[in-house]
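Only one structure is covered here, and it is reproduced in the block below.
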Amino acid sequence: MKKLTAIVIGLGSRGCVYSNAMKKLEDKFQIVGLADPLKAHLDTVKAWHNVPEENCYDSWEDILAQPKMADFAVIATQDKMHMPPALKAIEKGYNILLEKPVAPTPEECAAIANAAEKKGVKVLVCHVLRYTNFYGRVKQLLLDGAIGDVMSLIAVEAVGNVHQSHSFVRGNWHKTSDSAPMILAKCSHDTDIIQWLIDKPCKKVQSFGSLTHFCKENAPEGAPKRCIDGGCPVADTCVYNAKRIYVDDHSDANWYREVATAKFSIDGGVASDEETVAALKNNNYGMCVYQMDNDVVDHQVVNMEFEGGATASLTMNAFNKGGRYIRIFGTKGELYANMSDAEITLYTFADKQHHQVSVTAAEGGFVAGHGAGHGGGDIGIMGELYDYFSGEYDGYKAADISTSVKNHLLAFAAEESRLTGTVVDMDDFMKRYDLKNEFTK
Ligand SMILES: NC(=O)c1ccc[n+]([C@@H]2O[C@H](COP(=O)([O-])OP(=O)(O)OC[C@H]3O[C@@H](n4cnc5c(N)ncnc54)[C@H](O)[C@@H]3O)[C@@H](O)[C@H]2O)c1
């Protein structure tokens, strides 16, 4: 089997996830170059893959200034740092595995899609949920006509109250101007899955939502700015007490602690309690969730109408345990799918029976849950990528960049609708960015 060679740009959480996945699939992949200013992660991944020292760089600018050295580039820098390296990598002729969101504005997304098309390179977006066996099974059931024609769909992205507080109140995605609108940052997966399942272009989008809970008016009286400073009158009962989430929780995989201290298990061990307290005294993760400068929503709904009349609604909100579920209504039956439990139930009108549908485990044993590498999607995408980039692809999961961008545009349109109180006509919206509202795949 011919190995595909890769360079990885951005070795934070996501860059390490894909590097790790390529290590697990080492008969298919070889990483030959790396770029990140963080030396600790760079050294770890360099050792995993025996990457030559001379191919390890501090920045994407430096690695992409070299002659093309691999079949494809992984771009896993932060949201606002996707377009510049993507355009440079395209210019160099790299195929790209690009983290989502493609970029934080529709203009930048369209620029990447247009440049890739012009150069004739493939850009696969990390819409990893498509590559889970779970959503793959749902898609296959629809392709097989298990519920007839899809007439309507309800999708719920239950963000989880603590996850919301961590990523969207205290963390990297708490301000739209620093990252992207939350409906894009959190739900580009969902708009991608919805348009993929309905398999028709969306024609109209309408959305409502706001930030109502994680704001200053709800700060308990007398609460200090930082939980970690002590003296908070509700410290014993507040579920967002930073000490409880980041210091007292000693569960094996405390990803929250890793992110809050920027010290990951791959660095040779997670931060101690003392190191964690010290970090929380200086960064946003130690702040009271009611006294941050966050401005992204904590709940939002999106209504969509598709060509032919099928409708969909997506609800994203913070006030739950967390997880994703979807209910799809067809002319011959109904399908309920809960990703957290890898549960798919089919009800068919013909026999008036419920049928449990099994989901096979992905490589690594993953069937469900976000903690499990996005339910197997993080490793699943690498398997499909191999065939897609090798030019031997006959699967139904991988989408070209133009399809991914069109699916992103649903989220941008939702944000426009939420902010302006209008219904967005998707044909007109796409035209603004020189995109046609039709499907290619
Ligand atoms: N597919 C998904 O489900 C999913 C999940 C989480 C995050 N994301 C997205 O993945 C991307 C990365 O997120 P993350 O959590 O890994 O972020 P991160 O902050 O952990 O990693 C970003 C990395 O980029 C590095 N970097 C900064 N400047 C650089 C430069 N000039 N050249 C090279 N590297 C540079 C940083 O040092 C850091 O290691 C974001 O766009 C995020 O929204 C996607």
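Some points to look at:
- Applying the condition of being within 11 Å of the ligand (Cβ to nearest atom) and either more than 30 Å from residue 226 (Cβ to Cβ) or among the hydrophobic types (A, V, I, L, M, F, W, C) (or both) to segment 163-186 and asking which residue is surrounded by the fewest Cβ atoms within 10 Å (Cβ to Cβ) yields 185.
- When each of 33, 15 is tested for being within 16 Å of the ligand (Cβ to nearest atom) and either over 24 Å from residue 262 (Cα atoms) or free of Cβ contacts under 8 Å to residues at least 60 places away in the same chain (or both), the lone residue that passes is 33.
- Complete set of residues in segment 202-225 that are charged (D, E, K, R) and touching a strand residue (DSSP E or B) at 6+ places or on another chain (Cβ under 6 Å): 203, 204
Table: residues versus (1) part of a strand (DSSP E or B); (2) farther than 18 Å from residue 198 by Cβ; (3) among the aliphatic types (A, V, I, L, M).
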| site | (1), (2), (3) |
| --- | --- |
| 291 | no, yes, no |
| 294 | no, yes, no |
| 324 | yes, no, no |
| 346 | yes, no, yes |
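- Here residue 57 passes the criteria (1) within 9 Å of the ligand (Cβ to nearest atom); (2) farther than 22 Å from residue 264 by Cβ except the one numbered (2).
- Residue within segment 141-162 that is more than 16 Å from the ligand (Cβ to nearest atom) and either outside the structural domain of residue 328 (by TED's automatic domain parsing) or without any contact (Cβ under 8 Å) to a residue 60 or more places away in the chain (or both) present: yes
- Selected residue (criterion: nearest to the chain's Cα centre (by Cα)) from residues of segment 159-173 that are more than 22 Å from residue 417 (Cβ to Cβ) and not in a helix (DSSP H, G or I): 172
- When residues in segment 200-215 are screened for being out of contact with any Ser or Thr (no Cβ under 7 Å at 6 or more places or on another chain) and hydroxyl-bearing (Ser, Thr, Tyr), 2 of them pass.
- Candidate set: segment 259-293, residues that are charged (D, E, K, R) and in contact (Cβ under 8 Å) with a residue 60 or more places away in the chain; chosen: the one farthest from residue 223 (Cα to Cα): 267
- Annotation note: of 200, 204, the sole residue that is of a type in the set (Lys, Arg) and part of a loop (DSSP other than H, G, I, E, B) is 200.
- Residue match in segment 86-102 (condition: more than 23 Å from residue 434 (Cα to Cα) and in contact with a Ser or Thr (Cβ under 7 Å, 6 or more places away or on another chain)): no
- Residue 228 modelled with pLDDT under 95, farther than 30 Å from residue 23 by Cβ and surrounded by 16 or more Cβ atoms within 10 Å (Cβ to Cβ): yes
- Answer residue from segment 123-145, given it is buried (at least 19 other Cβ atoms within 10 Å of the Cβ) and outside any helix (DSSP H, G or I) and is modelled with the lowest pLDDT among those: 132
- Of the residues making up segment 382-441, those that are of a type in the set (S, T, N, Q), part of a loop (DSSP other than H, G, I, E, B) and at pLDDT 95 or above number 1.
The values are calculated or read from the model by the stated rules, or taken from the named source; none is laboratory data. Keep in mind the model is a prediction, meaning the values are calculated, not measured. Glycine gets a Cβ as well: all are built from the backbone with ideal geometry, and neighbour counts include every protein chain shown.
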